[in-house]
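**Q** The structure's right below; bear with me while I get my questions together.
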Amino acid sequence: MLYQLYEAQRALMAPFADFAAATAKLYKHPLSPFTQVPGSQRLSAGFELLHRLGMDYEKPAFEITAVKSGGVEIAVQEQTALEKPFCRLIRFKRFSDDAATLDRMKEQPSVLVVAPLSGHHATLLRDTVKSLLQDHKVWITDWTDARMVPVEAGPFHLDDYIRYVQEFIGLIGPDVHVISVCQPTVPVLAAISLLASAGKPTPLSMTMMGGPIDARKSPTAVNNLAMNRSYEWFESNVIHRVPQNYPGANRAVYPGFLQHTGFVAMNPDRHATAHYDYFLDLVRGDDDSTDSHRKFYDEYNAVLDLPAEYYLDTIKTVFQDFSLVKGTWEVDGHLVRPQDITTTALLTIEGELDDISGAGQTKAAHGLCTSVPQERQFHYDVAGAGHYGIFSGRRWRDIVYPQVRDFIARFQAERVGKTPVAKMAKARPAAKKTRAPAVAAKTAPAKARRSAKATA
């Protein structure tokens, strides 16, 4: 019923939001006589703010059409490599007519970015992808809003997430480097562990950024909520049915609007200040600041519904039972054993001021991957960075990305038999490994250059 009430409220507010947008333009347009009204700038700014507060936010586009690689601008085209009911695997195909640039791009590493399925769209990682495209072939998981998936497509569990990741790795090939950001660090580690246990090829490297590998360490407000409420509480209070006006009608979901409310509730003062500053910037005519505000909140306010079974599985497995770190997690009858990973290099990254995944939670992966040689394990703490700062913005571009790039290049060079790049300057080897947690007795089974436009 709550979802239906929300939809009714949204439909009721839509005309008022449109009216506010039109009125804001009426008091701002240079040809409008209303611009001569005393206080017109404040009136326009006020109505613009009302419009932003009441409007619907659709999924943004990646809008990555070109990047610079080796000082040369190259075109980028977004392509769907594989489409499944709950996810599209997107490849950002790069194009160049320059023969030298093409040869260089063909030799660059392949990277799979596993985006979080935790409320926001994959476009939240736009900055991550854009940086990676300078030196890599890039794929990303673009998770589908559950309200758009018909009930006939069936459920989507955490185990299905793992199977999707394994399928994507298999499609790209074993020479891929996998980057997981936030929530997917856990299922990605599980996916690679199960591949290793089954004797299948594993990625060359895995980079894990700001994720709850062990949510018991330095628990944040997000962790405490998940740990202190019962599974039944989440099932009864946050799971609702999709209304009839969507393709996924009657599907049980954790609605995006509830997730967005939770995001804002974590830092209400910060958001209130940001919107007041936006109002003042509109009055002053500070176009750069207002554009920056719109760009951020167009992304931040665009949320998606999560399949109920996936969300509840995550709550129980990651935040209540801690099944990964306790060695009790089973997928399709096989234990998840990170200690079976032997060749995949590991880099973990944490932000000093991360208020979503606390200090030590991601680094805990090193204590689980005990069979990965010490010289293939690295950890990097990003000073002054919050959760979003480790994969987006200035700190990501100037500080974090060079570490990720050099880490990938190091083990790509090793794979193709070339001299590895110089040792990463700031990322340090992980602390000495500890023994993996004991687990139950049951274990898993052991081309010619083309003169026309070309791609990479």
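The values are calculated or read from the model by the stated rules, or taken from the named source; none is laboratory data. Just so you know, these numbers come straight off a predicted model, no measurement behind them. Methodologically, a virtual Cβ is constructed for each residue, glycine included, from the backbone with ideal geometry; neighbour enumeration extends over all protein chains shown.
**Q** Quick check on region 439-446. Is at least one of its residues assigned to a strand (DSSP E or B), out of contact with any Gly (no Cβ under 6 Å at 6 or more places or on another chain) and either in the same structural domain as PRO373 (by TED's automatic domain parsing) or modelled with pLDDT under 80 (or both)?
**A** Scanning region 439-446 turns up no residue that is assigned to a strand (DSSP E or B), out of contact with any Gly (no Cβ under 6 Å at 6 or more places or on another chain) and either in the same structural domain as PRO373 (by TED's automatic domain parsing) or modelled with pLDDT under 80 (or both).
**Q** Confirm whether PRO203 is in a loop (DSSP other than H, G, I, E, B), farther than 22 Å from GLN259 by Cβ and not small (Gly, Ala, Ser).
**A** So PRO203 fits the description; yes.
**Q** Hey, another quick one. Would you say THR290 is of a type outside the set (D, E, K, R), assigned by TED's automatic domain parsing to the domain that holds ILE408 and surrounded by fewer than 22 Cβ atoms within 10 Å (Cβ to Cβ)?
**A** Numbers: of a type outside the set (D, E, K, R): yes; assigned by TED's automatic domain parsing to the domain that holds ILE408: no; surrounded by fewer than 22 Cβ atoms within 10 Å (Cβ to Cβ): yes.
For THR290, the condition - of a type outside the set (D, E, K, R), assigned by TED's automatic domain parsing to the domain that holds ILE408 and surrounded by fewer than 22 Cβ atoms within 10 Å (Cβ to Cβ) - is not met.
**Q** Moving on to the next point. For the structure I just gave you, tell me whether THR23 is out of contact with any strand residue (DSSP E or B) (no Cβ under 7 Å at 6 or more places or on another chain), β-branched (Val, Ile, Thr) and farther than 29 Å from VAL151 by Cβ.
**A** yes
**Q** Just checking, how many residues over region 255-277 are farther than 20 Å from ALA8 by Cβ, under 23 Å from the mean Cα position of the chain (by Cα) and among the aromatic types (Phe, Trp, Tyr)?
**A** 1
**Q** Going residue by residue through region 86-95, is there one that turns out to be under 32 Å from the mean Cα position of the chain (by Cα), part of a loop (DSSP other than H, G, I, E, B), surrounded by 16 or more Cβ atoms within 10 Å (Cβ to Cβ) and among the aliphatic types (A, V, I, L, M)?
**A** No - not one qualifying residue is present in region 86-95.
**Q** Right, next: Restricting region 332-356 to residues that are more than 20 Å from the chain's Cα centre (by Cα) and over 30 Å from GLU414 (Cβ atoms), which is surrounded by the most Cβ atoms within 10 Å (Cβ to Cβ)?
**A** Looking at residues that are more than 20 Å from the chain's Cα centre (by Cα) and over 30 Å from GLU414 (Cβ atoms), I get ASP332.
**Q** Let me ask another. In the set TYR311, TYR300, which member is modelled with pLDDT under 95, of a type in the set (Phe, Trp, Tyr) and closer than 30 Å to VAL242 by Cα?
**A** Exactly one of TYR311, TYR300 is modelled with pLDDT under 95, of a type in the set (Phe, Trp, Tyr) and closer than 30 Å to VAL242 by Cα, namely TYR300.
**Q** Oh, and also: For region 81-135, what are the residues that are small (Gly, Ala, Ser) and under 19 Å from ALA191 (Cβ atoms)?
**A** Listed by number, the residues that qualify are ALA81, SER110, ALA115, SER118, ALA122.
**Q** Conditions: (1) over 21 Å from THR342 (Cα atoms); (2) assigned to a strand (DSSP E or B). SER180 meets all but one. Number of the miss?
**A** The one condition SER180 does not meet is (1).
**Q** Looking at region 27-64, which of its residues are part of a helix (DSSP H, G or I) and more than 39 Å from the chain's Cα centre (by Cα)?
**A** Result: PRO33, PHE34, THR35, GLN36, SER40.
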